[in-house]
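Where a number appears in this text, it was derived from the coordinates with a stated rule and is not lab data. Worth saying up front: this structure is predicted, and the values here are computed from it rather than measured. Positions of Cβ are backbone-derived with ideal geometry, glycine not excepted, and every protein chain shown enters the neighbour counts.
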Amino acid sequence: MEEIDEMLETAQMFYDGKEDYKRLTGKIACNLFFEPSTRTQYSFQIAEEKLEMKVISFNKKSSSIKKNESFFDTVKTFDSFGIDLLIIRSLQNEYYKELAGKIKTKVINAGDGTSNHPTQSLLDILTIKQEFGFIKGLKILMVGDILHSRVAHSNLKIMKRLGAKVFISGPNEYLEKDAIFIPLEDGLLSCDVVIMLRVQFERHDKKFNMSFQEYNEKFGINSKNIGFMKKNSIIMHPGPVNRNVEISDNLVECEKSRILKQVKNGVFVRMAVIEYLLRNK
């Protein structure tokens with residue numbers, strides 16, 4: 001927990017302009033994204049460039065993956081180049097277990113399958129702390145496709161450890177058995193933070209069984225239920241947002257929304273994580 005606190009403090013100082021960016025001049029980072037990404041991939045790149053690192057961005061479509069090179073051999077190749085940091089996103093759950101003890105380069109997990117997304121959790125926590133000043137005792141509701149969401153899985157673990165009361169809501173087929181379920185309306189009435197989660201169509205084995213409008217009415221934030229929310233509560237979403245599915249289009253940037261604040265915080269959190277790892281190298 002001390003490591004988390006230190007990285008969040010550094011991220012806030014970066015956010016406030018109180019920390020010098022010029023710390024890792026000349027260090028080389030490689031962003032190995034085996035899965036499409038906008039917010040995570042490019043916020044890592046911006047973070048690296050703010051820290052004056054040299055950045056290599058891996059292009060899966062033009063790599064030897066197209067010649068059937070394995071994930072392991074691709075990572076080993078970049079490890080052999082003698083770079084300082086690998087940022088890896090993979091479709092494979094817990095891909096890092098395959099790499100443990102077999103590569104020398106430090107790795108930051110930028111998302112593994114449906115398992116974990118550590119830096120997203122950190123930026124979510126920073127956003128919440130900026131709003132409320134603390135995490136312990138807050139009621140946090142995550143809504144939607146919990147089962148397929150690495151963000152949900154990371155947040156369930158870390159936010160509970162930090163003392164928050166975490167609840168879930170959404171369609172029965174997308175819920176996790178080990179989490180506390182409450183109906184959406186009850187959650188909106190009682191929770192301080194409402195984290196909407198993208199319906200991850202690309203990970204579903206079965207066809208989505210309702211219209212977008214029906215989903216929005218039953219499990220989304222819309223003009224009919226946003227009024228149930230507590231006065232000082234906030235809405236978050238890791239992105240990308242399916243507009244008019246998880247959140248009605250006109251509410252994505254409403255007064256309660258902190259979605260773009262999360263995006264902004266992503267850069268400073270990732271700067272702090274990189275700086276922490278390489279400063280302690």
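Relative contact order for the chain: 20 percent, from Cα pairs under 8 Å spaced at least 6 residues apart, divided by residue count. Of the residues Gln12, Leu260, Ile103, the one whose Cα sits farthest towards the positive end of the charge dipole of the chain is Ile103 (charges of +1 on Lys and Arg Cβ, -1 on Asp and Glu Cβ, taken about the Cα centre).
Counting only Cβ charges, +1 for Lys and Arg and -1 for Asp and Glu, the dipole size of the chain around its Cα centre is about 360 debye. Before rounding to the nearest 500, sum -39500 (n - 2.57) across all DSSP H runs of length at least 4 in the chain and divide by the residue total; then give [θ] at 222 nm in deg cm²/dmol. Computed mean residue ellipticity for the chain: -11500 deg cm²/dmol. Computed from the C-beta positions of Tyr21 and Lys76 and an R0 of 45 Å, the FRET efficiency is 0.90 to the nearest 0.05.
The residues packed around Gly101, meaning those with a beta-carbon under 14 Å from its beta-carbon, carry a net charge of +3 if Lys and Arg are +1 and Asp and Glu are -1. Computed from Cα atoms, the angle from the helix 39-50 axis to the main principal axis of the chain rounds to 50 degrees. On the beta carbon distance between Ser63 and Glu9, with R0 = 45 Å, the FRET formula returns roughly 0.75.
Please give the helix 71-80 orientation as an angle from the longest Cα principal axis of the chain, in degrees from 0 to 90, rounded to the nearest 10. The answer is roughly 50 degrees.
The Cα center of the range 1-70 and the Cα center of the range 157-230 differ in position by 30 Å. In this structure the amide hydrogen of Ser257, modeled in the peptide plane, comes within under 5 Å of the amide hydrogens of Ile235, none closer than 5 places in sequence on its chain. Computed over neighbours whose Cβ is under 9 Å from that of Thr40, the net charge equals +3, Lys and Arg +1, Asp and Glu -1. What is the helix-to-structure angle for 259-279, meaning the angle in degrees between its Cα long axis and the longest Cα principal axis of the chain, kept from 0 to 90 and rounded to the nearest 10? So the inclination is approximately 30 degrees.
Which of Ser90, Ser190, Ser211 moves the most in a Gaussian network model of the chain with Cα springs under 10 Å? Greatest mean-square fluctuation among the candidates belongs to Ser211. Subtracting the Cα-Cα distance of Arg161 and Lys206 from 0.36 nm times their residue separation leaves 12.8 nm of extension gain. Across Asn232, Asn265, Asn116, mean-square fluctuation computed from a Gaussian network of the chain (C-alpha pairs under 10 Å connected) peaks at Asn232.
Checking the Cα-Cα distances for Lys136/Lys177; Lys50/Lys129; Lys18/Lys261; Lys66/Lys102; Lys136/Lys206; Lys136/Lys231 against a 27 Å cut-off, the pairs over it are Lys136/Lys206. Taking the chain as a Gaussian network, Cα atoms linked when under 10 Å apart, which of Ile83, Ile195, Ile65 shows the biggest mean-square fluctuation? Top of the fluctuation ranking is Ile65.
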